[in-house]
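The values are calculated or read from the model by the stated rules, or taken from the named source; none is laboratory data. Since this is a predicted model, take the numbers as computed values, not measurements. Cβ atoms come from the backbone with ideal geometry, glycine included; neighbour counts cover every protein chain shown. Remember, those area values only see protein heavy atoms, side chains included, never the ligands or the DNA or RNA. Shrake-Rupley method; radii C 1.70, N 1.55, O 1.52, S 1.80 Å.
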Amino acid sequence: MSKILTFILVFLLGIFQTQFKIGNVVPDLLLLFFVFLVFKKIYFQGISLLFILVLMALSSASTISIILYWIIIEIIINMWRRSFISIHKSASFFLIISLSVYSFIFWRTGYALGFNYWLDLLKFLSFNLLFFIPFYFLLPEIYSNEEQK
């Protein structure tokens, strides 16, 4: 049941992400939901394929860019998950910040590094953290990559 709900929410968040804009900033709702799935242990290997399909259907970005973006996200998440035995849920904010910086840099490689670039980065981080707050309260206190027996 949780996988079906995940599929539906990914599609709805994908639609919302492509239509919702605050000024010139589009919060990365799919990335936020991805981190939420990791911390709730609903994450399963290859879930990025679902994110890729939704973005390919709804986004104007190139297919190769979308695939490369999510492959790198999968690598980062898998390295991160293996490096911790257990951590507090506040680490989700650090993961959101680091992945948001990666996302911002990945999708804005052609921009000039000026004041507006850094201002847009701060806005992007702020909006991502703001939209992650409702997810935060649904996370378990301790994340552990060891399965309970």
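Checking residue 18 against (1) closer than 26 Å to residue 81 by Cβ; (2) of a type in the set (S, T, N, Q); (3) not in a loop (DSSP other than H, G, I, E, B): exactly one of these is not met. Which one?
Of everything listed in (1) closer than 26 Å to residue 81 by Cβ; (2) of a type in the set (S, T, N, Q); (3) not in a loop (DSSP other than H, G, I, E, B), residue 18 misses just condition (1).
Which one of these does residue 100 not meet: (1) open to solvent by 20 Å² or more (accessible area, probe 1.4 Å); (2) under 24 Å from residue 123 (Cα atoms)?
(1)
Could you check the range 1-35 and list, in sequence order, the residues that are open to solvent by 60 Å² or more (accessible area, probe 1.4 Å) and in contact (Cβ under 8 Å) with a residue 60 or more places away in the chain?
Result: 23, 24.
With 92, 48 as the choices, which residue is crowded, with 19+ Cβ neighbours inside 10 Å, touching a residue at least 24 places away in the same chain (Cβ under 8 Å) and touching an Asp or Glu at 6+ places or on another chain (Cβ under 9 Å)?
None of the others qualify; the one that does is 48.
Within the range 17-28, identify whether any single residue is closer than 12 Å to residue 96 by Cα and touching a helix residue (DSSP H, G or I) at 6+ places or on another chain (Cβ under 8 Å), and answer yes or no.
Yes - at least one qualifying residue is present in the range 17-28.
Give the residue, chosen from 64, 71, that is open to solvent by 40 Å² or more (accessible area, probe 1.4 Å), free of Cβ contacts under 8 Å to residues at least 24 places away in the same chain, in a helix (DSSP H, G or I) and over 22 Å from residue 98 (Cα atoms).
So the residue among 64, 71 that is open to solvent by 40 Å² or more (accessible area, probe 1.4 Å), free of Cβ contacts under 8 Å to residues at least 24 places away in the same chain, in a helix (DSSP H, G or I) and over 22 Å from residue 98 (Cα atoms) is 64.
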